[in-house]
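What follows draws every value from the coordinates through simple rules; no lab data is involved. Because the structure is predicted, anything quoted here is derived from the model rather than measured. No Cβ is skipped: glycine too gets one built from the backbone with ideal geometry, and neighbour counts run over all protein chains shown.
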Amino acid sequence: MLKNIYRIVTLTIVLGILVLAGCEDRSNLTAPDQPNTGNVSLSSFVTIGNSLTAGYQSGALYQSAQLYSFGNQIAKSVGSKFEQPYASDPGLGTRIEVGSVSPFALKYSTTQGQPINMGYSGSYNNLGVPGAFLYDLLNASASANSYTAQVGVINPLFDVVLRGKGSEFQQAKAQKPSLVSCWIGANDVLGYATSGGVNPLTDANIFGFLYGKLADSLASLKTKVVVANIPSVTAIPYFTTVPAALKDPTSGAIIQLYGQTTAGVRALVPGQDLLTLQASTVLLNASGAPTGVGLSASNPIANKYVLDKDEVAKVAAAISAFNQTIAAAANAKGFALVDVFTFFNTVAANGLSVDGLSLSTAFGTGGLFSLDGVHPTSTGYGVVANEFIKVINAKFGSTIPRINVSTIPGSVVLSKENKMTKYGIPIIPPGALDNILF
């Protein structure tokens, strides 16, 4: 009864407000001004980069995730227009979803969505192309002339995002941007790391040359620029979820795993060697029981799932060199720099408490990373957006409001209820992680 009274009173108040509003003379009303953001205008905010800029999530590019790209969240926080190359469900790529909560198992879609707004007349504000390398930002205008096309790998998302209108940089320049974000370089190391050292790693000198050219080009825009560096592989769940040794849940005994490394087949060493998330596809069967792979030297885990200690060191050295290049360029050109590397290392070690949420980098339960183990959730992209906002405000004296990440819808269903298998890792079907772009 009391609830009904409250509803009647509330409805009466709302109707009264509507009646009064309908009586107002609105002939002289104008559209509200954009919120004052101090020394930085977001009237023409453009983001360039790869999948991390695109808002890619759980192995695919799809609208309900793209809405929470860090660029869109920043733009919408001040009411700025921000056009993106949206795709319908289940998205462009291999959309990964929760198949079972207990034991935690994944499934993936075998169907494709479609681009929604390919007919948009201008260039998109979000020009991030999943799969883009550093080389691509200045040089790729289509899938046919992208970096990976040179080795016979065609990435159609270049055509979806760029639509024959020029490279990411060319299209950003044409928009006369008031602010540009550039987050690039992850693919130049992740392609190597996620393949267990099988795919090539960009040479540090080549990276330095290409980033120098990009920095010069960005500086030529005579606008405010914010760049971000590359996170450590040990800060993302793609490399921290599957351990290099299993634990028998009954006896507590450690189960040694064997893998193919650069030095040959050997016992893997926890804390030194890393297994990729994709290793779960061969270690466990559909019921979560060991398949026998990795349990003996005669049946080792394949090289493409193993990032051995020498490869880990090589990746760490490359990331360090790349990040030094990015920092030097930002300093020389007066760009704002978001230190994603340090931020996610800190979160990996200590977790993150923000807006009443407790987040971590744990796979499937931490709330920060989506189901491909590399890309953030919608909440995670909100956290990233706030890091960009913090740095932009500090560097340029702006007043862009931070985002309350607790208001962002959760993008991994029932994430806090996911229960890993008795071996502490998820069940992942073969094929689920084969086509992830970075």
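A few remarks follow.
- Multiplying the residue separation of Val151 and Ala313 by 0.36 nm and removing their Cα-Cα distance gives an extension gain of 55.7 nm.
- Rg [Å, one decimal], Dmax [Å, integer] - segment 245-307, C-alpha atoms: 11.2, 33
- Legend: calculated FRET efficiency, Thr250 to Phe209, from the Cβ-Cβ distance at R0 = 51 Å, rounded to 0.05, equals 0.40.
- Per residue, the convex hull volume that the Cα atoms of segment 77-122 enclose (Å³): 95 Å³
- Under the span-like rule (Cα at least 18 Å along the axis, Kyte-Doolittle mean at least -1.0), DSSP H helices of the chain: 2-23, 204-219, 309-333, 378-396
- Over all directions, the projected convex hull of the C-alpha atoms in segment 97-178 averages 7.9 nm² in area.
- Links that overshoot a 31 Å alpha carbon limit, given the list Lys81/Lys107; Lys224/Lys309; Lys213/Lys395: Lys81/Lys107; Lys224/Lys309
- As a rough guide to protection, the peptides 235-244, 49-58, 115-124, 376-385 ranked by mean Cβ packing within 10 Å, highest first, stand as 49-58, 376-385, 235-244, 115-124.
- By the Stokes-Einstein formula, at 1.567 mPa s and 4 °C, segment 284-335 with its Kirkwood radius over alpha-carbon pairs has D equal to 90 µm²/s.
- Sorting the segments 352-359, 167-174 by their mean number of nearby beta carbons within 10 angstrom, highest to lowest, gives 167-174, 352-359.
- Per residue, the convex hull spanned by the Cα atoms of segment 35-192 measures out at 133 cubic angstrom.
- 3J(HN,Hα) from dihedral phi, segment 365-375, Karplus parametrisation 6.51/-1.76/1.60, rounded to Hz, x for glycine, proline: 10, x, x, 8, 10, 6, 7, 9, x, 10, 8
- When the convex hull of its Cα atoms is projected in every direction, mean area for segment 306-375 (nm²): 6.4 nm²
- Exposure proxy for Ile48, Ile154: other Cβ atoms within 10 Å of each Cβ, ordered fewest to most, give Ile154, Ile48.
- The shape of segment 125-261 can be summarised by an equivalent ellipsoid whose semi-axes, obtained from the alpha carbon gyration tensor, come to 37, 17, 14 Å from longest to shortest.
- Amide H within-cut-off set for Asp372, under 5 Å, with H built and near neighbours excluded: Ser58, Gly59
- Geometric descriptor of the chain, per residue, is 179 Å³ (volume of the convex hull of the Cα atoms).
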